Amino acid sequence: MNVVVVGGGKGQSALLRGLKNVEGINLKAIVTVADDGGSTGRLREEFNLPAMGDIRNVMLSLAESETLLSVIMNYRFDEGTRSSLAGHNLGNLIFTALATASGNFMEVITQLSQVLNVKGEVIPASMDFITLCARMEDGTIVRGESNIPKYSNTIDHVYYDVDVKATENAVAAIMEADVIVMGVGSVYTSILPNLIIPEIKEAIRKTKAKKVYYCNAMSQPGETDGYTAEDHVNAILKHIDASLDLVVAASDPISKEVLEHYEEENSYPVLFRTQNHTYPVLQQDLLHFDNNRIRHDHDKVEKGFKEVLEALGCPLAVK
């Protein structure tokens with residue numbers, strides 16, 4: 001069974017850490033290259049490369065096991081120093097060096113995937129140098145993925161103000177997929193940057209694959225303030241012009257201590273407002289709470305995916 005996971009950031013990586021251990025699936029990850037913040041943003045500006053940070057994270061999440069190289073790839077130079085390397089991620093620097101030397105961004109992904117023994121295929125959504133834009137409900141335009149959450153405003157939609165071409169591999173993966181998983185992660189700045197690329201949007205509309213959205217557990221300050229679970233789903237539906245076959249949501253009880261920790265950051269649980277929807281909803285235990293941080297647990301994701309496939313009526317579930 002071909003399973004494609006679309007997204008970016010830590011949320012997508014958390015899902016992939018679980019899904020890579022599911023027997024009987026051929027896993028592919030389509031990853032956003034719109035990130036323009038931090039080390040990734042500095043390197044993409046200086047070397048005119050697609051953003052590599054989320055791609056690096058996804059490759060490490062799909063690595064068969066943690067090795068010295070994977071530890072090195074995650075090393076970040078101290079931001080408090082005066083060095084020109086301050087704040088840079090070593091994996092991003094390695095990626096940039098290889099891409100600059102070879103002139104082939106895709107080949108670098110293939111080479112590093114082989115070295116890390118990646119279980120699956122990592123596919124950038126585009127090879128273009130792209131800048132994500134957001135139009136707020138009051139008409140304000142914000143340019144840059146890292147800038148969008150900084151505005152105390154409500155996002156109407158995200159878009160690109162130049163033509164963006166999808167990679168052929170991304171389009172092919174969607175058309176050949178049996179199941180497409182969207183999430184977990186920032187709706188407007190991790191998931192949708194992939195889905196709004198015209199060729200990917202068209203492929204999502206045409207594919208016969210079952211489409212699943214893993215909803216966030218908590219709202220994201222500056223991006224989804226006050227959002228219900230329905231609001232998250234509607235943001236996806238509004239942009240993709242296609243239906244969803246299943247929405248998966250975390251049902252884990254969250255302690256008062258953890259909730260208070262998140263309230264200090266203006267982040268709150270994402271809950272369904274009603275029980276009547278045009279799409280089925282599957283509630284699962286999916287989270288862990290190490291150090292009062294809410295994250296999707298890869299073991300729970302792995303165990304819960306069989307139930308997801310059963311809800312979709314997929315052949316793998318009856319093998």
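The values are calculated or read from the model by the stated rules, or taken from the named source; none is laboratory data. Please read all numbers here as calculations on a predicted model, not as lab measurements. Quick reminder, even Gly has a Cβ in these numbers, built from the backbone with ideal geometry, and neighbours come from all protein chains shown. Accessible surface areas use protein heavy atoms only, side chains included; no ligands, DNA or RNA. Shrake-Rupley method; radii C 1.70, N 1.55, O 1.52, S 1.80 Å.
Pairing each residue of the range 251-274 that is without any contact (Cβ under 8 Å) to a residue 60 or more places away in the chain and closer than 14 Å to ASP225 by Cβ with any residue that is among the aliphatic types (A, V, I, L, M) and not in a helix (DSSP H, G or I), provided the two are 6+ apart or on different chains, yields C-beta distances under 7 Å for TYR262/MET218; SER267/MET218; TYR268/MET218; PRO269/ALA217; PRO269/MET218; PRO269/ILE254; VAL270/ALA217; VAL270/MET218.
Listed by position, the strands (runs of 3 or more DSSP E) enclosed by the range 61-153 that each have at least 1 residues that are among the basic types (Lys, Arg) are 132-136, 141-143.
Going through TYR213, TYR188 one at a time, which residue ends up being of a type in the set (Phe, Trp, Tyr), in a helix (DSSP H, G or I) and in contact with a helix residue (DSSP H, G or I) (Cβ under 8 Å, 6 or more places away or on another chain)? Among TYR213, TYR188, only TYR188 is of a type in the set (Phe, Trp, Tyr), in a helix (DSSP H, G or I) and in contact with a helix residue (DSSP H, G or I) (Cβ under 8 Å, 6 or more places away or on another chain).
Tally time: how many residues in the range 167-203 are open to solvent by less than 20 Å² (accessible area, probe 1.4 Å) and either more than 30 Å from GLU260 (Cα to Cα) or β-branched (Val, Ile, Thr) (or both)? Residues flagged as open to solvent by less than 20 Å² (accessible area, probe 1.4 Å) and either more than 30 Å from GLU260 (Cα to Cα) or β-branched (Val, Ile, Thr) (or both) within the range 167-203 amount to 18.
Restricting attention to the range 73-90, does a residue exist that is loosely packed, with under 12 Cβ neighbours inside 10 Å and more than 17 Å from ARG42 (Cβ to Cβ)? No, the conditions are met nowhere in the range 73-90.
When ILE55 is tested against (1) in a helix (DSSP H, G or I); (2) open to solvent by 10 Å² or more (accessible area, probe 1.4 Å), only condition (2) is not met. Scanning the range 290-306 for residues that are part of a strand (DSSP E or B) and either open to solvent by less than 20 Å² (accessible area, probe 1.4 Å) or within 17 Å of GLU265 (Cβ to Cβ) (or both) yields one hit, ARG295. If you go through the range 204-244 and keep only what is surrounded by fewer than 18 Cβ atoms within 10 Å (Cβ to Cβ) and charged (D, E, K, R), you end up with ARG205, LYS206, LYS208, ASP225, ASP231, LYS238, ASP241. Applying the criterion of being crowded, with 20+ Cβ neighbours inside 10 Å and closer than 18 Å to ASN169 by Cβ to the residues of the range 106-121, the residue that is nearest to the chain's Cα centre (by Cα) is GLY120. Going residue by residue through the range 24-31, is there one that turns out to be more than 15 Å from GLU121 (Cβ to Cβ) and open to solvent by less than 40 Å² (accessible area, probe 1.4 Å)? Scanning the range 24-31, I find no residue that is more than 15 Å from GLU121 (Cβ to Cβ) and open to solvent by less than 40 Å² (accessible area, probe 1.4 Å), so the answer is no.
Can you confirm whether the range 55-62 contains a residue that is charged (D, E, K, R), out of contact with any Lys or Arg (no Cβ under 6 Å at 6 or more places or on another chain) and farther than 22 Å from VAL115 by Cα? Looking for residues that are charged (D, E, K, R), out of contact with any Lys or Arg (no Cβ under 6 Å at 6 or more places or on another chain) and farther than 22 Å from VAL115 by Cα, one finds none in the range 55-62, hence no.
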